[in-house]
Amino acid sequence: MAYSVTLAAEEADLLDSLGTALTADGMHVMLGAAAGGIPTLRVVNPVARELAECILVRRADDGTWWYWWSWAERLAPAADPAAAAARIRRVLAAVGE
């Protein structure tokens, strides 16, 4: 089954919004695609490059969009990329940051 180009574009736009918030916060980001063309946002702490994560965005059963951690746990509503960015920054913070 092919991944929907329209859906992928919508997800990429939401991930781009998150990437903008993370970049403003000093993180390094790269929009890419996982197997099957599913958009992902790779986030790296530039102070400690080992601290990195791939973020996805998915629509929930109720129709709302959510950012997700790579381990399939909801991160934050996609309607609030600033809150998601703050949480990612906390998780990827180096000791003393």
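The values are calculated or read from the model by the stated rules, or taken from the named source; none is laboratory data. Please read these numbers as outputs of a predicted model, since none were measured by experiment. Glycine also receives a Cβ, built like all others from the backbone with ideal geometry; neighbour counts cover every protein chain displayed.
Close Cβ contacts (under 7 Å, 6 or more residues apart or on different chains) running from residues in the stretch 83-97 that are surrounded by 13 or more Cβ atoms within 10 Å (Cβ to Cβ) to residues that are among the aromatic types (Phe, Trp, Tyr) and at pLDDT 95 or above comprise Ala84/Tyr67. On the given criteria, is Ala12 assigned to a helix (DSSP H, G or I) and in contact (Cβ under 8 Å) with a residue 60 or more places away in the chain? For Ala12, the condition - assigned to a helix (DSSP H, G or I) and in contact (Cβ under 8 Å) with a residue 60 or more places away in the chain - is not met. Looking across the stretch 33-45, the residues that are under 20 Å from Asp13 (Cβ atoms) and either among the acidic types (Asp, Glu) or surrounded by 12 or more Cβ atoms within 10 Å (Cβ to Cβ) (or both) come down to Ala33, Ala34, Gly37, Ile38, Pro39, Thr40, Leu41, Arg42, Val43.
Give the stretch 46-81 a look and list any residue that's aromatic (Phe, Trp, Tyr) and exposed (fewer than 14 other Cβ atoms within 10 Å of the Cβ), or say none. The one that is aromatic (Phe, Trp, Tyr) and exposed (fewer than 14 other Cβ atoms within 10 Å of the Cβ): Trp71.
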